[in-house]
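J.: Got a structure for you, written out below as structure tokens; questions coming shortly.
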Amino acid sequence: MIEFLARRLLVALLVCATVLTFAFALTRLGGDLAISIAGPNATAADIEQVRVAYGLDRPLPLQFLEWVGRAATGDFGQSYFFKEKVSKLIFDRLPITFALGLVGLSIALAVALPLGIVAALREGSWTDRAISIVALLGQAMPSFWRGLVLMITLGLHLGWLPISGTGSWEHFVMPGIVLAFSAIPALLRLTRSGMIDAMASDYIRTARAKGLSRRSIVLKHAARNAAMPVVSIAAVQLGGMLGGSIVIETVF
């Protein structure tokens with residue numbers, strides 16, 4: 001167990017180091033950062049002042065080490081565009097993003113779990129294939145396009161939901177639906193495969209031999225065991241939703 005956790009921690013540290021390195025490099029590959037910050041109308045003196053103020057006159061390895069050191073303590077510096085602390089910008093917007101991620105994950109689970117169970121119980125049938133095709137088509141559609149379609153149909157034509165804003169829970173329904181489509185296929189496939197394995201297991205045959213109803217066997221025994229790996233993957237999907245919700249938030 002300790003060896004497993006140590007490997008996981010090492011992989012996480014390597015991922016963080018890689019992301020930090022690429023993020024730092026990308027800000028320097030676009031040209032002189034001091035000129036970009038100062039603006040196109042800045043004089044040479046203004047550019048030099050910006051370079052000294054942001055520490056851009058120091059060697060790149062030293063800039064990188066100082067940047068990583070500040071990031072490790074939670075100091076992500078100041079936004080070049082908004083002229084505010086990056087940490088403040090993140091925490092100001094995090095509640096909306098987190099709420100949207102939870103709504104999207106809840107909708108994804110509410111759709112994927114029952115559909116996965118139905119697909120498993122009707123394995124190989126037209127129902128099974130139709131569910132898989134619909135889920136894949138929903139994932140294949142660009143998220144911004146799905147958002148625009150919902151805005152036009154549910155917002156403009158039917159008037160059921162508000163198009164944009166964050167004033168009430170209704171404002172999170174449409175973006176939550178759009179965000180849920182990115183997680184539904186993976187959760188649905190995992191639920192389906194887990195249910196197929198569970199229904200073929202020995203304890204299900206024992207439950208049938210005891211005379212339990214099909215409803216009890218499916219919901220109380222098979223679905224409960226099949227849902228365990230889905231919960232683990234759901235946590236990963238939530239992280240992906242939080243990172244990928246920027247397009248959805250921009251559209252709505």
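The values are calculated or read from the model by the stated rules, or taken from the named source; none is laboratory data. Predicted, not measured: the structure shown is a model, and the values here were computed from it. We place every Cβ from the backbone using ideal geometry, glycine too, and count neighbours over all the protein chains shown. Only protein heavy atoms, including side chains, enter the accessible area calculation; ligands, DNA and RNA are left aside. Shrake-Rupley method; radii C 1.70, N 1.55, O 1.52, S 1.80 Å.
J.: Using unit Cβ charges (K, R positive; D, E negative) and no other charged atoms, how large, in debye to the nearest 20, is the dipole of the chain about its Cα centre?
T.: Dipole size: approximately 1280 debye.
J.: ³J(HN,Hα) across the stretch 174-190 via Karplus (A = 6.51, B = -1.76, C = 1.60, θ = phi - 60°), whole Hz, x for Gly/Pro?
T.: The phi angles translate into 5, x, x, 5, 4, 5, 5, 4, 6, 9, 4, x, 5, 5, 5, 5, 5 Hz.
J.: With a 1.4 Å probe and all protein chains left in place, how much of the accessible area of the chain comes from carbon and sulfur atoms, in whole percent? Don't skip to the end; give the middle numbers.
T.: Working: 10930 of 15860 Å².
Percent of accessible area from carbon and sulfur atoms in the chain: 69.
J.: Further question on the same structure: From the square roots a ≥ b ≥ c of the eigenvalues of the alpha-carbon gyration tensor of the stretch 50-118, which class results: rounded (a/c under 1.5), prolate (a/b over b/c), or oblate? The partial results should precede the final answer.
T.: Values: a/c = 4.65, a/b = 2.84, b/c = 1.63.
Cα axes put the stretch 50-118 in the prolate bin.
J.: Can you check what the Kirkwood hydrodynamic radius comes to for the stretch 34-169, Cα pairs only, in Å to one decimal?
T.: Answer for the stretch 34-169: a Kirkwood hydrodynamic radius of 20.3 Å.
J.: Determine how large the accessible area of ARG51 is when every protein chain is in place; take a 1.4 Å probe and give Å² rounded to the nearest 10.
T.: Estimated to the nearest 10 Å², ARG51 gives 50 Å².
J.: Ranked by accessible surface with a 1.4 Å probe, highest first, in what order do MET228, MET199, MET141 come?
T.: MET228, MET141, MET199
J.: Could you order ASP46, ASP128 so the one with the most accessible surface comes first? Probe is 1.4 Å.
T.: Solvent-accessible surface, decreasing: ASP46, ASP128.
J.: Given the whole protein assembly as supplied and a 1.4 Å probe, what does the accessible area of PHE98 come to in Å², nearest 10?
T.: 90 Å²
J.: On a 0 to 90 degree scale, rounded to 10, what angle separates helix 60-72 from the longest Cα axis of the chain?
T.: Once rounded, the angle reads 50 degrees.
J.: Pick out, from VAL149, LEU212, ALA130, the residue whose Cα sits farthest towards the positive end of the charge dipole of the chain, with +1 on the Cβ of Lys and Arg and -1 on the Cβ of Asp and Glu.
T.: It is LEU212, whose Cα lies furthest towards the positive end.
J.: Same structure again: Residue by residue through the stretch 142-148, which ³J(HN,Hα) values in whole Hz follow from phi under the Karplus form 6.51 cos²θ - 1.76 cosθ + 1.60 (θ = phi - 60°), with glycine and proline marked x?
T.: Values per residue, Gly and Pro as x: x, 4, 5, 5, 4, x, 5 Hz.
J.: Right, next: So what is the relative contact order for the stretch 10-82, in percent, with contacts set as C-alpha pairs under 8 Å and at least six apart?
T.: Relative contact order of the stretch 10-82: 23 percent.
J.: Follow-up question, since we're still on this one. With springs only between Cα atoms under 10 Å apart, run a GNM on the chain and tell me which of ALA130, ALA23, ALA234 wobbles the most.
T.: Looking only at ALA130, ALA23, ALA234, the largest GNM fluctuation is found for ALA23.
J.: Taking Cα pairs under 8 Å and at least six residues apart, what relative contact order does the chain come out at, in percent?
T.: 21 percent
J.: Which value, in Å³ per residue, describes the convex hull spanned by the Cα atoms of the chain?
T.: Per residue, the Cα convex hull of the chain comes to 191 Å³.
J.: If amide H atoms are built 1.01 Å from N in the plane of the peptide, which residues on other chains or at least 5 residues away come under 5 Å of the amide H of LYS85?
T.: SER79
J.: Rounded to whole Å, give me the distance from the Cα center of the stretch 117-159 to that of the stretch 18-88.
T.: Here the answer is 44 Å between Cα centres.
J.: Of the residues PRO142, PRO175, PRO185, which exhibits the maximal mean-square fluctuation in a Gaussian network model of the chain defined by a 10 Å Cα contact cut-off?
T.: Result for the chain, Cα springs under 10 Å: PRO142 fluctuates most.
J.: Nearest 20 debye, what's the magnitude of the dipole of the stretch 98-199 about its Cα centre given +1 on Lys and Arg Cβ and -1 on Asp and Glu Cβ?
T.: So the magnitude is around 120 debye.
J.: Let me ask something else. Calculate for the chain the 222 nm mean residue ellipticity that helices alone would give, adding -39,500 (n - 2.57) per DSSP H run of length 4 or more and normalising by residue count, nearest 500 deg cm²/dmol. Mind showing how you got there, number by number?
T.: Details: 12 runs with 176 residues, N = 252.
Result for the chain, helices only: -23000 deg cm²/dmol.
J.: Between GLU170 and GLN49, what is the label-to-label distance in nm when each label sits 7 Å out along the Cα-to-Cβ direction?
T.: Placing both labels 7 Å along Cα→Cβ, they lie 5.1 nm apart.
J.: If the only charges are +1 at each Lys and Arg Cβ and -1 at each Asp and Glu Cβ, what is the size of the charge dipole of the stretch 1-141 around the Cα centre, to the nearest 20 debye?
T.: Dipole magnitude for the stretch 1-141 comes out near 240 debye.
J.: While we're here: Quick one: ranking HIS157, HIS171 by accessible area, 1.4 Å probe, largest first, what do you get?
T.: So, going from the largest accessible area down, we get HIS157, HIS171.
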